[in-house]
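Student: This structure is in structure tokens; I'll ask about it shortly.
The values are calculated or read from the model by the stated rules, or taken from the named source; none is laboratory data. All of these numbers come straight from a predicted model, not from anything done at the bench. A quick note on method: Cβ atoms are made from the backbone with ideal geometry, for glycine too, and the neighbour counts reach across all protein chains shown. Accessible surface is based on the protein model in full, side chains and every heavy atom, while ligands, DNA and RNA are left aside. Shrake-Rupley method; radii C 1.70, N 1.55, O 1.52, S 1.80 Å.
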Amino acid sequence: MNKKEVLEIRKQFSPKNCAITKICGCYVDYEKNKKMESKDAFLALPEEEAFKYFDIFKKTLSGSIGKNMLNMEFPLDAEMPGGTQEFLLKLRDSRLEDDMLLEEFYDKVIATYEYAENYYIILIHAAYDVPGRTSDDLEMDDASDEVYQHILMSICPVSLSKAGLSYNAEENCIQDRIRDWIVDKPDKGFLFPAFNDRSTDLHSVLYYTKKSENLQPEMIDQLLGAKMPMSADTQKETFQMIIEDTLGEDGDYETVRNIHETLNDMIEEHKEEPDPLTLDKTDVKKIFEQSGVPNEKMENFEKNFEENAGEKATLLASNIAETRKFNIETPDVVIKVNPDRMDLVETRMIDGRQCLVIPVDDHIEVNGINVRTMKVKGVAGPKAGGSGEAVENAEDDVVPFDED
């Protein structure tokens, strides 16, 4: 699913467009005991309660594609009789009316979801009447192409509200606040089937994780049975290893900077596209070549890529690029540079030492204090035997940083 398709489903979580038929829930305590189960027609819920659920469902379809929302495909064995995909399909087709299927689903989640505190499993069924589109991408509400039936799961941590004082309006006094168990924003979730090319895709599922570094592979494997892609953090580490292995020990700052600049330029050019920018081995090779990686270093590029990522691996540009920061670190100094101005930092030999040089204007802040970039030294007043003279010591407008 791309971001336009995700947004189209998110729009259904509102009173005007609501296509949810059923909502089921299971509250689980820290000992993995089911404390409460519920099943209701969603449209029968009180309005204020429904709005809060809408917020949870929208959050389950939020974040970045490839980082918080992961497109996953089912392997063939998952679609065989008794497979995970078949089970999810039965759950969807039951419209959440089969209590035995629901109990089995809750048991699968409880057995595989790793969380030490209380949490609330929410499962909904919805039937979205997909409107047709004209050739210029305008919706035709009276021309439906298909009904997209799907289920959406959200797992929300439940925590005790903080202790404190509150105002009791009835008693007109300040008193100890009653602590309640609060349902937080979702930590994990999934949408099945996926809504690819604005149509039902029974072979795919969209998985949500609040923290990209915590995918919980066991739950993905046992509950969904889908092929898990590399996490965003793993993709970033893999790309860094490909750079280091390709450049070797004598990799220089200028080349690494050029690679990141080239990558960011590609992301900027692609930003209006609905599909995320993906890079395979050939794409990464072109980035390296355009960034000035020497030919002799590129001789082992394909081997380095395959050893770190895999022959047919693809990396999401948004996962491996630094579009918001560019950090340069030495053992004693950390320099944070606006990615759009990476050109401000250059390397130079000064007094036989490798240095990072940063040109600056007349404005510098040190711990929030405005200071001058050049120190003016002078001697005022007459000296014995002299007429008095002021001497200024001008300095080059650069700030060197030792790279050793």
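Student: In whole Hz, with x marking every Gly and Pro, tabulate ³J(HN,Hα) for the stretch 26-33 from phi via Karplus 6.51 cos²θ - 1.76 cosθ + 1.60, θ = phi - 60°.
Tutor: Values, residue by residue: 9, 8, 10, 8, 5, 9, 6, 9 Hz.
Student: Shape verdict for the stretch 7-75, please, from the Cα gyration tensor: rounded (a/c under 1.5), prolate (a/b greater than b/c) or oblate.
Tutor: oblate
Student: When the distances between all Cα atoms of the chain are binned every 20 Å from zero, what whole-number percent does each bin get?
Tutor: For the chain, the binned pair fractions read 20, 40, 28, 9, 2, 0 percent.
Student: With contacts defined as alpha carbon pairs under 8 Å and 6 or more residues apart, what's the relative contact order of the chain in percent?
Tutor: In percent, rounded to a whole number, it is 13.
Student: Of ALA111, GLY164, MET266, which is farthest towards the positive pole of the chain's charge dipole, taken about the Cα centre with +1 and -1 on the beta-carbons of Lys, Arg and Asp, Glu respectively?
Tutor: After comparing all options, I get GLY164.
Student: Quick one: with all protein chains in place, what share of the accessible area of the stretch 1-98 is carbon or sulfur, to the nearest percent (1.4 Å probe)?
Tutor: Here carbon and sulfur together make up 52 percent of the probe-accessible area.
Student: Could you pull out the GluC sites (Glu not before Pro) across the stretch 285-326 that fall in loop regions by DSSP (anything but H, G, I, E, B) with no more than 12 other Cβ atoms inside 10 Å?
Tutor: GLU299, GLU311
Student: Turning to a different aspect of this structure: Send over a whole-number figure in Å² for the accessible area per residue of the chain, probe 1.4 Å.
Tutor: 58 Å²
Student: Obtain the nm distance between the two label points defined at TYR253 and HIS363 by a simple spin-label model: each point lies 7 Å from its Cα along the Cα-to-C-beta direction.
Tutor: It works out to 2.4 nm between the two label points.
Student: Something else about it: Can you pull out the trypsin sites (Lys or Arg not before Pro) in the stretch 1-104 whose DSSP state is coil and whose Cβ has at most 15 other Cβ atoms within 10 Å?
Tutor: Filter output for the stretch 1-104: LYS11, LYS16, LYS32, ARG95.
Student: In debye, nearest 20, what is the charge dipole magnitude of the chain about its Cα centre with +1 on Lys and Arg Cβ and -1 on Asp and Glu Cβ, if you could check?
Tutor: Rounded to the nearest 20 debye, it is 1220 debye.
Student: Measuring from centroid to centroid over Cα atoms, what is the spacing of the stretch 175-252 and the stretch 323-345 in Å?
Tutor: One Cα centre to the other: 28 Å.
Student: Can you tell me which of GLN240, GLN354, GLN85 moves the most in a GNM of the chain? Springs connect C-alpha atoms under 10 Å apart.
Tutor: GLN354
Student: Show me, for the stretch 195-208, the HN-Hα J-couplings you get by feeding each phi into the Karplus relation (A = 6.51, B = -1.76, C = 1.60, θ = phi - 60°), rounded to Hz, glycine and proline as x.
Tutor: Going residue by residue, I get 10, 8, 6, 6, 8, 5, 10, 5, 9, 9, 9, 9, 9, 10 Hz, with x marking Gly and Pro.
Student: Counting only residues 5 or more places away or on other chains, whose amide H sits under 5 Å from the amide H of LEU277 once H atoms are built in the peptide plane?
Tutor: The list, which skips near neighbours in sequence, is ALA317, SER318.
Student: Whole-Hz ³J(HN,Hα) for each residue in the stretch 253-262, computed from phi via Karplus 6.51 cos²θ - 1.76 cosθ + 1.60 with θ = phi - 60°, x for glycine and proline: what do you get?
Tutor: Values, residue by residue: 4, 4, 5, 4, 4, 4, 4, 5, 5, 4 Hz.
Student: If you stretched the chain out fully between ARG348 and LYS211, how much longer would it get, using 0.36 nm times the residue separation minus the C-alpha to C-alpha distance?
Tutor: Gain on extension, ARG348 to LYS211, equals 45.3 nm.
Student: Ignoring ligands, DNA and RNA, how do CYS173, CYS156 rank by accessible area with a 1.4 Å probe, largest first?
Tutor: Order by accessible area, largest first: CYS173, CYS156.
Student: Continuing with the same structure: Roughly what would the spin-label model give for GLN240 and ALA111, points 7 Å off Cα along C-beta, in nm?
Tutor: That separation, rounded to one decimal, is 3.8 nm.
Student: On to the next question. Work out the FRET efficiency for ARG179 and GLU37 from their Cβ-Cβ distance, taking R0 = 25 Å, and round it to the nearest 0.05.
Tutor: After rounding, the FRET efficiency stands at 0.55.
Student: Before anything else, pin down the relative contact order of the stretch 102-223: Cα pairs under 8 Å, at least 6 apart, normalised by residue count, whole percent.
Tutor: Relative contact order comes out at 23 percent.
Student: Separate question: Measure up LYS185/LYS336; LYS67/LYS271; LYS22/LYS58; LYS211/LYS303; LYS108/LYS185; LYS16/LYS58 against 23 Å on the Cα-Cα distance and list the ones that go over.
Tutor: LYS185/LYS336; LYS211/LYS303
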